[in-house]
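Asker: Below you will find the structure I want to go over with you.
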Amino acid sequence: MSAHALMERLGLTEDELCRVLGTDPLSILSGQADADPRLAILLDLTAEARDRVGPDALRLWARREPQLGHLLAGDFAAFEDALAALAERGLTITRAPGGARRARRP
């Protein structure tokens, strides 16, 4: 598997992928980033969650906070814990306090 596979699996931008792997776009394009052990670990961890919740739900989940923040900050332990919770409970969507509400007529 490749860095591109992780980018597609999690819906990451190229810049985000570079931050996660601590590399530059040329290393990703040349395939040098594919040798990074973090890549293999992240692909293995996310494969299980993808199989349990589906690829679309995994991408949706990965784009949300706090998991995106954990990933971009390199806090892989927190990201792994969040993945375990996702695999166990599935994707849950809640409305944030103060979020969108139904419009009322004046």
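Read the figures in this text as sums done on the coordinates, not as results from a lab. Here the structure is a predicted model, which is why all the values come from computation and not from measurement. Methodologically, a virtual Cβ is constructed for each residue, glycine included, from the backbone with ideal geometry; neighbour enumeration extends over all protein chains shown.
Asker: Quick check: net charge around residue 49, other residues with Cβ under 15 Å of its Cβ, Lys/Arg +1 and Asp/Glu -1?
Answerer: Net charge in that neighbourhood comes out at -1.
Asker: Residue 19 versus residue 65, label points 7 Å from Cα toward the beta carbon: distance in nm?
Answerer: If labels sit at residue 19 and residue 65, their model points lie 1.2 nm apart.
Asker: Could I ask something else about it? Can you give the calculated 222 nm mean residue ellipticity of the chain, where each DSSP H run of n ≥ 4 adds -39,500 (n - 2.57) and the sum is split over every residue, rounded to the nearest 500 deg cm²/dmol?
Answerer: -18500 deg cm²/dmol, from helical runs alone.
Asker: May I pose another question? Between residue 48 and residue 77, what is 0.36 nm times their sequence separation minus the Cα-Cα distance? Round to one decimal in nm.
Answerer: Length gained between residue 48 and residue 77: 8.8 nm.
Asker: Here's a follow-up. Compute the distance in nm between two label points, each set 7 Å from the Cα along the Cα-to-Cβ direction, one at residue 35 and one at residue 5.
Answerer: Label at residue 35, label at residue 5, 1.8 nm between them.
Asker: Give me the number: length gained by fully extending residue 56 to residue 85, i.e. 0.36 nm times residue separation minus the C-alpha to C-alpha distance, one decimal in nm.
Answerer: Taking 0.36 nm per residue and subtracting the Cα distance, the gain is 8.8 nm.
Asker: Dipole of the chain, Cα-centred, from +1 at each Lys and Arg C-beta and -1 at each Asp and Glu C-beta, to the nearest 20 debye?
Answerer: Here the chain has a charge dipole of around 1100 debye.
Asker: May I ask for the net charge around residue 82, where only other residues with Cβ less than 12 Å from the Cβ of residue 82 are counted and Lys, Arg are +1 while Asp, Glu are -1?
Answerer: Neighbourhood net charge equals -3.
Asker: Also, quick follow-up: For a quick size check, give me the Cα extents of region 3-89 along its three principal axes, largest first, whole Å.
Answerer: Rounded to whole Å, the extents work out to 38, 22, 20 Å.
Asker: Right, something else. Considering the options 25, 1, 91, tell which one lies farthest towards the positive end of the dipole of the chain, charges being +1 on Lys and Arg and -1 on Asp and Glu at the Cβ, about the Cα centre.
Answerer: 91
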